1. What about L66, is it of a type in the set (A, V, I, L, M, F, W, C) and at pLDDT 95 or above?
2. Return a yes/no flag: does segment 86-98 have any residue that is modelled with pLDDT of 95 or more and more than 24 Å from the chain's Cα centre (by Cα).
3. Can you name every residue in segment 46-80 that is exposed (fewer than 12 other Cβ atoms within 10 Å of the Cβ) and not in a helix (DSSP H, G or I)?
4. Taking A31 and the conditions (1) loosely packed, with under 11 Cβ neighbours inside 10 Å; (2) at pLDDT below 90, which numbered condition does it fall short on, given that it satisfies the others?
Amino acid sequence: MIWRRGAFGFLGARSFLWSERLPGSPAAGLARIGAVMHLRQPSIDRGVTSFLWALGLGLYLWLGMLAVGVDGATAFILSLLAACAIFLVVRLYGGDEVRKPQSPKARAGNR
């Protein structure tokens with residue numbers, strides 16, 4: 001391997017992954033992997049996030065009602081109804097709409 005000083009200092013991350021390597025070495029492909037890989041977060045469905053919000057806030061409401069002295073059954077029913085309403089509101093109105101990326105010509109016209 002040929003080591004050289006990279007942008008992040010001597011033997012830094014950049015110099016390790018993007019340095020010139022001998023063609024026959026087993027680590028010769030590391031320089032290409034860094035340029036090709038594009039990691040992104042997994043997409044989570046809007047229904048899953050709605051359910052998690054409803055579960056978390058419903059549990060918070062239930063425990064809060066129990067803490068202030070509301071009867072257990074009443075607290076459970078009210079928090080269950082609130083969780084259903086929270087689920088519907090977050091499911092219908094929560095999150096951003098996915099927009100199509102604009103072409104370079106369309107972006108140039110908006111300036």
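1. Answer is yes for this residue.
2. Looking for residues that are modelled with pLDDT of 95 or more and more than 24 Å from the chain's Cα centre (by Cα), one finds none in segment 86-98, hence no.
3. V68, G69, D71
4. (1) is the only condition that A31 fails.
The values are calculated or read from the model by the stated rules, or taken from the named source; none is laboratory data. Computed from a predicted model, the values in this text were never measured in an experiment. Cβ atoms come from the backbone with ideal geometry, glycine included; neighbour counts cover every protein chain shown.
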